[in-house]
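Here the structure comes first, spelled out in structure tokens, and everything after it is commentary.
The values are calculated or read from the model by the stated rules, or taken from the named source; none is laboratory data. Computed from a predicted structure; not experimentally measured. Here the Cβ positions follow ideal geometry from the backbone for every residue, glycine too, while neighbour counts run over all protein chains shown. For the accessible areas, the whole protein counts, side chains as well, though only heavy atoms, and no ligand, DNA or RNA atoms are used. Shrake-Rupley method; radii C 1.70, N 1.55, O 1.52, S 1.80 Å.
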Amino acid sequence: MGLIADGFDSIRSIKFRDLLTQIITLGMIFSSALIIWKGLMLFSGSESPVVVVLSESMEPGFQRGDILFLHMNKDPIRAGEIVVYNVDGREIPIVHRVIEVREQHGTKEVDILTKGDNNEMDDRMLYVPGQFWLQRQHIMGKAIGFLPYVGYVTIVMTERPIFKYILIGVLALLVLTSKE
Amino acid sequence: MTSISDNLNSPSPTANVHVLNINWFQKQRNGNDEVSLTLNISADLQSMFTWNTKQVFVFLAAEYETPENALNQVSLWDGIIPSKEHASFWIQTTNKYRFIDQGSNLVGKDFNLTLHWHVMPKTGKMFADKIVIPGYRLPNDYR
């Protein structure tokens, strides 16, 4: 009898340890994702180092679903650069090209005008009414590189939330059932 | 990164711009100077294309200094070059975007015309460069 009970105990403890290991693995996955994201933030100097292109305004250069890598530093902003900017009162940042720059003497303050390569008009109508120029504080970063298509997953997930839940469910199942 | 090999490419682009005509030149009601130009732009950017190049965005900007601004950059014309076959081109055009000063400083103003290009890869790092062509001057009176 003692032999069986011992065996049972050891099986239970193995199961318990397996469960613990899996919880820790899960925690490690989340924390490494966080570390990578925060690391990218530090490295790029931008609040959001990676953005997904949502509109067609920069076609054919950037397409919906392309991922852009951003960089922000103290370097002056110049015409031709592709910047990501935020307009006051608008939630979604915009990725467009700088077509006009006015940089003051001394203070180095800049007035910037942007335009989407695929748009007919410049961006003044996207700004707050009465706002003619963007300033430095509106700029979140400059696009320095990109990866095509990869971001499409996030577009699908935001537009059809069901896929998000399916994906999370499948991932959770995989993590919980996987054996080392 | 696939774009590493782009660094091995050593380009030798050329550009030439002529101001063919000052179509008109006046002060707007709000006091800002505006000028309309006819331009002849020719360039050869074929050497910018590598296997990893999706397109080259090219634009011509007027660049000048004023008492208020250390730098004014005004895009006058732009275009997208989709492939190497189209990278050697010439075009005669009026300025596609309005050439307006932030103020009234354009009379007799010396300015540069700079041809900028922005190479957009199929994947990886983007890069940009330019050719500055100095020695242009706006007329001494409105017309």
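For B:SER88 paired with B:GLN28, estimate the spin-label separation in nm (one decimal), with each label point 7 Å from Cα along the Cα-to-Cβ line.
Computed distance between label sites B:SER88 and B:GLN28 equals 4.1 nm.
Go ahead and run the numbers for FRET between A:LEU173 and A:PHE132, Cβ-Cβ distance against an R0 of 56 Å, rounding to 0.05. Please report the intermediate quantities before stating the final value.
Values: r = 54 Å, r/R0 = 0.96.
For A:LEU173 and A:PHE132, the calculated efficiency is 0.55.
May I ask you to give the average projected area over all directions of the convex hull of the Cα atoms of the stretch A:1-136, in nm² rounded to one decimal? Don't jump to the answer; show the numbers that get you there.
Working: hull surface 52.4 nm².
Mean projected area of the Cα convex hull: 13.1 nm².
So, in Å, what gap is there between the alpha-carbon centers of the stretch B:97-135 and the stretch A:46-64?
If you average the Cα positions of each part, the centres end up 23 Å apart.
How large is the accessible surface of A:LEU167 in square angstrom, using a 1.4 angstrom probe and rounding to the nearest 10?
Near enough 80 Å² of accessible area.
Using a 1.4 Å probe on protein heavy atoms, which residues of the stretch B:30-77 have at least 50 Å² less accessible area in the complex than alone?
Listed in order, they are B:LYS54, B:PHE57, B:ALA70, B:LEU71, B:GLN73.
Considering Cα pairs under 8 angstrom that are at least six residues apart, work out the relative contact order of chain B and quote it in whole percent. The partial results should precede the final answer.
Values: 323 pairs, mean separation 39.9, N = 143.
RCO, chain B: 28 percent.
How do A:ASP66, B:ASP110, B:ASP44, A:ASP117 stack up against each other in accessible area, from largest to smallest, with a 1.4 angstrom probe? All intermediate terms of the calculation are to be shown ahead of the outcome.
Working: A:ASP66 0, B:ASP110 90, B:ASP44 50, A:ASP117 25 Å².
Solvent-accessible surface, decreasing: B:ASP110, B:ASP44, A:ASP117, A:ASP66.
Give me a comma-separated list of calculated 3J(HN,Hα) values for the stretch B:49-63, in order, Karplus coefficients 6.51, -1.76, 1.60 applied at θ = phi - 60°, integers in Hz, x for any Gly or Pro.
8, 10, 4, 9, 8, 7, 6, 10, 8, 10, 8, 10, 10, 7, 10
How much area per residue is accessible in the protein assembly as shown when the probe is 1.4 Å and only protein heavy atoms are counted (Å²)?
Details: 18240 Å² over 323 residues.
I get 56 Å² per residue for this part.
Please compute, over every Cα-Cα pair in chain B, the percentage with a separation greater than 20 angstrom. Walk me through the numbers before you get to the answer.
Numbers: 5107 of 10153 pairs.
Every Cα pair in chain B considered, those over 20 Å come to 50 percent.
How do A:GLU47, B:GLU65, A:GLU59 rank by accessible surface area computed with a 1.4 Å probe, from largest to smallest?
Numbers: A:GLU47 145, B:GLU65 105, A:GLU59 50 Å².
Largest accessible area first, the list is A:GLU47, B:GLU65, A:GLU59.
What residues qualify as long-range amide H neighbours of A:MET140, i.e. H under 5 Å apart, gap of 5 or more or another chain, H built at 1.01 Å from N?
Excluding prolines and chain starts, which carry no amide H, the hits are A:VAL84, A:TYR85, A:ASN86.
Which whole-number percent gives the relative contact order of chain A, counting Cα pairs below 8 Å spaced six or more residues apart? Before the final figure, lay out the partial values.
Values: 242 pairs, mean separation 38.9, N = 180.
Once normalised by length, the contact order is 22 percent.
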